[in-house]
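> Got a structure here, written out as structure tokens. Questions coming.
The values are calculated or read from the model by the stated rules, or taken from the named source; none is laboratory data. Remember, it's a predicted structure, so these values are computed and weren't measured experimentally. Backbone-built Cβ (ideal geometry, glycine too); neighbour counts: all protein chains shown. When the accessible area is computed, the model is the full protein with side chains, heavy atoms only, and any ligands, DNA or RNA have been set aside. Shrake-Rupley method; radii C 1.70, N 1.55, O 1.52, S 1.80 Å.
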Amino acid sequence: MGIGAADYVHEIRALLEEVWRTQAEAVGEAAALVTASLRAGGVLQAFGSGHSEAVAMELAGRAGGLVPSNRLSLRDVVLYGGDPVSVLTGAPGELERDPSVARRIYDLAPVRPQDVFVLVSSSGVNGAVVELASVVKEHGHDLIAITSVRHGTEMASRHPSGRKLLDHADVVLDNGAPYGDAVLPLAGGGAFGAVSTITSALLAQTVVAEVVRTLTEAGQEPPVYRSANVVGGDEHNRTLESRYAGRIRRGA
């Protein structure tokens, strides 16, 4: 029999266990930064491009997640900055490799000094995310990176400085993905079965879980979204969102 679904499940299960075993301490450190930001009236600012945007969506604006959260995106230069849509339709990966877009994304965002940032990039080497990390630290924010240390170590930076996402972060959460992301070998060379989205989502959700635990144990009600598809969900969410009016985007 060829390699298929059962093999992928075997690999991903083992990798998830390994990621939690090795990253639990760092998850706690990341959660402490997020908790401190929220207690100071801050918002969690999440960014990812390409497939990493899915992980930013795990952190900002979803049921069971933190209400004081905002997702930044490459699309912001069009949605909020007035750039033509054509800037998003270039060669695949072109915009996320452009460092110059990063400062515009930051400047267009509803950011306050007490906000904490989570930047997600499995490779951690593309120009936009590395430059955004630099801008975030330039402005004095705490920065959490979700990345693959192995992939980032084995690949040269695409940023003019030669630095990578993990070089800027206060806390690095290693998603354990191999170089190239996929874990199942193809007979003719190459591999299939990418893992970084799943392991990165685990890290994102465990950080949120630790924030909620910390706030709850301190007698504080955690500002958590309810599903919009349960009775009373919309009303609950609108009440909490009103505390952060103008600071959290729930658009495209």
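> Determine which member of the set E235, E221, E217, E210 is of a type outside the set (A, V, I, L, M) and surrounded by 17 or more Cβ atoms within 10 Å (Cβ to Cβ).
Step by step, each of E235, E221, E217, E210 is checked, and only E210 is of a type outside the set (A, V, I, L, M) and surrounded by 17 or more Cβ atoms within 10 Å (Cβ to Cβ).
> Let me ask something else. Residues of the stretch 228-238 being assigned to a loop (DSSP other than H, G, I, E, B) and farther than 30 Å from I105 by Cβ, which ones?
Residues satisfying the conditions are N229, V230, V231, G232.
> Determine if the stretch 90-102 includes at least one residue that is at negative phi, acidic (D, E), touching a strand residue (DSSP E or B) at 6+ places or on another chain (Cβ under 7 Å) and in contact (Cβ under 8 Å) with a residue 12 or more places away in the chain.
Scanning the stretch 90-102, I find no residue that is at negative phi, acidic (D, E), touching a strand residue (DSSP E or B) at 6+ places or on another chain (Cβ under 7 Å) and in contact (Cβ under 8 Å) with a residue 12 or more places away in the chain, so the answer is no.
> Within the stretch 64-76, does at least one residue satisfy the condition of being modelled with pLDDT of 95 or more and either over 17 Å from R249 (Cβ atoms) or of a type in the set (F, W, Y) (or both)?
Among the residues of the stretch 64-76, at least one is modelled with pLDDT of 95 or more and either over 17 Å from R249 (Cβ atoms) or of a type in the set (F, W, Y) (or both), which makes the answer yes.
> Can you name every residue in the stretch 218-252 that is farther than 14 Å from V43 by Cα and polar (S, T, N, Q)?
Those that are farther than 14 Å from V43 by Cα and polar (S, T, N, Q): Q220, S227, N229, N237, T239.
> Test P68 against the stated conditions and say whether it is open to solvent by less than 20 Å² (accessible area, probe 1.4 Å), of a type outside the set (G, A, S) and farther than 28 Å from G162 by Cβ.
yes
Residue-by-condition table, conditions (1) closer than 17 Å to F117 by Cβ; (2) under 13 Å from the mean Cα position of the chain (by Cα); (3) assigned to a loop (DSSP other than H, G, I, E, B):
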| site | (1), (2), (3) |
| --- | --- |
| L38 | yes, no, no |
| G42 | yes, no, yes |
| N70 | yes, yes, no |
| G81 | no, no, yes |
| S86 | no, no, no |
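> Still on this structure: Under the condition of being part of a helix (DSSP H, G or I) and open to solvent by less than 10 Å² (accessible area, probe 1.4 Å), which residue from the stretch 134-169 is nearest to E18 (Cα to Cα)?
G152
> Name the single residue, out of those in the stretch 89-123 being at pLDDT below 95 and open to solvent by 70 Å² or more (accessible area, probe 1.4 Å), that is nearest to A56 (Cα to Cα).
Ranking the qualifying residues of the stretch 89-123, first place goes to R97.
> Condition first: over 16 Å from the mean Cα position of the chain (by Cα) and of a type in the set (A, V, I, L, M). Can you find one or more residues in the stretch 158-179 that meet it?
No - not one qualifying residue is present in the stretch 158-179.
> Can you tell me how many residues within the stretch 170-201 are touching a Gly at 6+ places or on another chain (Cβ under 9 Å), assigned to a loop (DSSP other than H, G, I, E, B) and open to solvent by less than 20 Å² (accessible area, probe 1.4 Å)?
1
> Would you check if there is a residue in the stretch 34-47 being within 30 Å of L184 (Cβ to Cβ), touching a residue at least 40 places away in the same chain (Cβ under 8 Å) and either in contact with a Gly (Cβ under 7 Å, 6 or more places away or on another chain) or not hydroxyl-bearing (S, T, Y) (or both)?
Looking through the stretch 34-47, at least one residue is within 30 Å of L184 (Cβ to Cβ), touching a residue at least 40 places away in the same chain (Cβ under 8 Å) and either in contact with a Gly (Cβ under 7 Å, 6 or more places away or on another chain) or not hydroxyl-bearing (S, T, Y) (or both).
> Quick check: anything in the stretch 239-246 among the aliphatic types (A, V, I, L, M) and either in a loop (DSSP other than H, G, I, E, B) or under 18 Å from the mean Cα position of the chain (by Cα) (or both)?
Yes, because at least one residue in the stretch 239-246 is among the aliphatic types (A, V, I, L, M) and either in a loop (DSSP other than H, G, I, E, B) or under 18 Å from the mean Cα position of the chain (by Cα) (or both).
> Every residue in the stretch 212-227 that is part of a helix (DSSP H, G or I) and out of contact with any strand residue (DSSP E or B) (no Cβ under 7 Å at 6 or more places or on another chain), please.
Passing the criteria: R213, T214, L215, T216, E217.
> If you go through the stretch 81-118, how many residues are among the hydroxyl-bearing types (S, T, Y) and closer than 23 Å to L173 by Cβ?
Residues in the stretch 81-118 being among the hydroxyl-bearing types (S, T, Y) and closer than 23 Å to L173 by Cβ: 1 in total.
> Which pairs do you get when a residue that is within 16 Å of V43 (Cα to Cα) and of a type in the set (A, V, I, L, M, F, W, C), found in the stretch 106-128, comes within reach of a residue that is open to solvent by less than 10 Å² (accessible area, probe 1.4 Å) and assigned to a loop (DSSP other than H, G, I, E, B), reach meaning Cβ atoms under 7 angstrom, with the pair 6+ apart or on two chains?
From the stretch 106-128, the pairs are V116/G42; V116/H141; F117/H141.
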